[in-house]
Amino acid sequence: MRVIGLMSGTSYDAIDAAAADLSLVGDSVVLEPLGMVSEPYDEELREALTAALPPAATTLAEVCQLDTLIGQAFAAAAVRANAELCGGRAELVASHGQTGYHWVEDGAVRGTLQLGQPAWIAEATGLPVVADFRPRDIAAGGQGAPLVSLVDLLWLRGRPGTPVALNLGGIANLTAPDGTAFDTGPACALIDAAARGFSGGRLAYDAEGALAARGTVHEPLLERLSSEPYYTLPAPKTTGKELFHLGYLQDALAGLGTLPAEDVIATLTLLTARTVADAVRSVAATEVIASGGGTRNPVLMTLLAAELPGVPLLTSDELGLPSAAKEAYAFAVLGFLTAHGLPGTVPASTGARHPSVLGSVTPGRRGVRLPPAAEHSPVRLVLG
């Protein structure tokens, strides 16, 4: 089955569309990558999304507008991916959507909101769309994240030692071989917020870690930030920009005087490296395979390697899975599993009571023509 996976993470800078040929062969799901295209968000839409995200107030009218406009943007990315990567022969689209809010109270997730109405994708492509993956796991008592943990477990099965999959997006998350999976805290979220805040919106992120490289770590700020209670919560746990945002950083800066942007960003980059390294050590990892936008920040990667002496730090590219496209491929796999009636969650990773078949299916132009349900879930992911 030829599947397009659509993903926009907590950095909400672009929509990634990755295409793959997927098949079930014996006890394996075989993934043949077909490539990825990336569509930057229109600046006006990105600004509207930024203005609506917590801790900002918003209205139902704005949420409705964002759901429609993001759905149309995802649709355009899917149409492009089908034409450029699939020769017009895609059979299914799997859309993560854009996280608008993740409702967490007392360590438990109560609900989640993924924006990007899938009807626009189905209308534009003519294909059935699997979307809204997270709510079913939450309804089963889980965190609804990190959902890529199942794909990580299938992919890394059989590697020696204790390999850990690490995603460095806006939020960092990891998956260990025993199924332990959780958000460690911010990866690029606070760094990006600082870059935008200090530049008046001119910069969206710290490109190549250039600002951090010029700065000096401010120890009192690092101490304040490191005392965040989230870091000591037990797994499974999830977080997002409803906690780690510009206002959070501004509160931490209160009373510290005027600090140079470079020093703040250097401090935030070390905070990310240390909190991620603490999480990696907590699962006794012998190897880390990283992916996501944070891998393109050489300062962050150098600091992370220094915090994990003796633990090899690789990128998923080195194992054949493009880092920039890994999450989009993961949702293509999850959509493929849903189409075959197979669970897409690991209870040990999300804390759910049981595995669940994920998502809701929006029919394509010819309705929904799904393959026969598979009898057995795969136990490994093989790159074709």
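The values are calculated or read from the model by the stated rules, or taken from the named source; none is laboratory data. Since this is a predicted model, take the numbers as computed values, not measurements. Cβ: placed from backbone, ideal geometry, glycine included. Neighbour counts: every protein chain shown. For the accessible areas, the whole protein counts, side chains as well, though only heavy atoms, and no ligand, DNA or RNA atoms are used. Shrake-Rupley method; radii C 1.70, N 1.55, O 1.52, S 1.80 Å.
Inside the range 168-203, can you point out the residues that are open to solvent by 10 Å² or more (accessible area, probe 1.4 Å), within 14 Å of residue 296 (Cα to Cα) and assigned to a loop (DSSP other than H, G, I, E, B)?
Within the range 168-203, 169, 188 meet the criteria.
Which of the strands (runs of 3 or more DSSP E) contained wholly in the range 1-59 include at least 1 residues that are open to solvent by 50 Å² or more (accessible area, probe 1.4 Å)? So that I can check it myself, show each step before the final result.
Working: elements: 2-7, 14-25, 28-40.
Answer list for the range 1-59: 14-25, 28-40.
What number of residues in the range 358-370 are out of contact with any helix residue (DSSP H, G or I) (no Cβ under 6 Å at 6 or more places or on another chain) and surrounded by fewer than 18 Cβ atoms within 10 Å (Cβ to Cβ)?
Within the range 358-370, the first condition is being out of contact with any helix residue (DSSP H, G or I) (no Cβ under 6 Å at 6 or more places or on another chain), and the residues that meet it are 360-361, 363, 365-369.
Of the ones still in play, those that are also surrounded by fewer than 18 Cβ atoms within 10 Å (Cβ to Cβ) are 360, 363, 365-369.
Number of matching residues: 7.
Filter the range 132-142 for residues that are outside any loop (DSSP other than H, G, I, E, B) and open to solvent by 10 Å² or more (accessible area, probe 1.4 Å) and give the result.
At the first step, the residues of the range 132-142 found to be outside any loop (DSSP other than H, G, I, E, B) are 134-139.
134, 135, 136, 138, 139 - these are the residues of the range 132-142 that are outside any loop (DSSP other than H, G, I, E, B) and open to solvent by 10 Å² or more (accessible area, probe 1.4 Å).
Quickly run through the range 294-310 and pick out the residues that are in a loop (DSSP other than H, G, I, E, B) and either open to solvent by 30 Å² or more (accessible area, probe 1.4 Å) or of a type outside the set (A, V, I, L, M) (or both).
Result: 297, 309, 310.
Taking the condition open to solvent by 10 Å² or more (accessible area, probe 1.4 Å) and either modelled with pLDDT of 95 or more or in a helix (DSSP H, G or I) (or both), does residue 328 pass?
No, not satisfied.
Exactly one condition in (1) touching a residue at least 12 places away in the same chain (Cβ under 8 Å); (2) open to solvent by 60 Å² or more (accessible area, probe 1.4 Å); (3) outside any strand (DSSP E or B) is false for residue 64; which is it?
Status for residue 64: all satisfied but (1).
Given the condition under 22 Å from residue 12 (Cβ atoms), hydroxyl-bearing (Ser, Thr, Tyr) and crowded, with 24+ Cβ neighbours inside 10 Å, answer yes or no: does some residue in the range 267-285 qualify?
The answer is yes, given that some residue of the range 267-285 is under 22 Å from residue 12 (Cβ atoms), hydroxyl-bearing (Ser, Thr, Tyr) and crowded, with 24+ Cβ neighbours inside 10 Å.
Could you go through the range 216-224 and let me know if any residue there is open to solvent by less than 20 Å² (accessible area, probe 1.4 Å) and either of a type in the set (Val, Ile, Thr) or assigned to a helix (DSSP H, G or I) (or both).
Yes.
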